[in-house]
Amino acid sequence: METYNDLLKLIKLTGERAKLDAKANGTCVVYKDKAGKLVKEHSDGMKEILAEGSVFFLH
């Protein structure tokens with residue numbers, strides 16, 4: 001059980017680090033919230049709820 005808790009902590013820290021990096025670089029982070037919705041969080045703190053089935057294109 002300790003390994004499972006360590007993994008959850010590592011996942012949480014990774015997400016927090018991604019948000020910090022996005023803020024420093026002026027980009028955004030996309031993640032699923034606790035309710036299961038896709039959220040796009042911009043570097044200025046603005047959050048958008050994305051529609052199901054949204055498609056992302058990388059340039």
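Does Lys32 satisfy being at pLDDT 90 or above and not hydroxyl-bearing (Ser, Thr, Tyr)? Even if it seems obvious, please write down each step before you answer.
Numbers: at pLDDT 90 or above: no; not hydroxyl-bearing (Ser, Thr, Tyr): yes.
No.
Mind checking which residues of segment 36-56 are surrounded by fewer than 10 Cβ atoms within 10 Å (Cβ to Cβ) and at pLDDT 90 or above?
Scanning segment 36-56 gives a single hit, Met46.
The values are calculated or read from the model by the stated rules, or taken from the named source; none is laboratory data. Small disclaimer: the values here were computed from a predicted structure and weren't measured. No Cβ is skipped: glycine too gets one built from the backbone with ideal geometry, and neighbour counts run over all protein chains shown.
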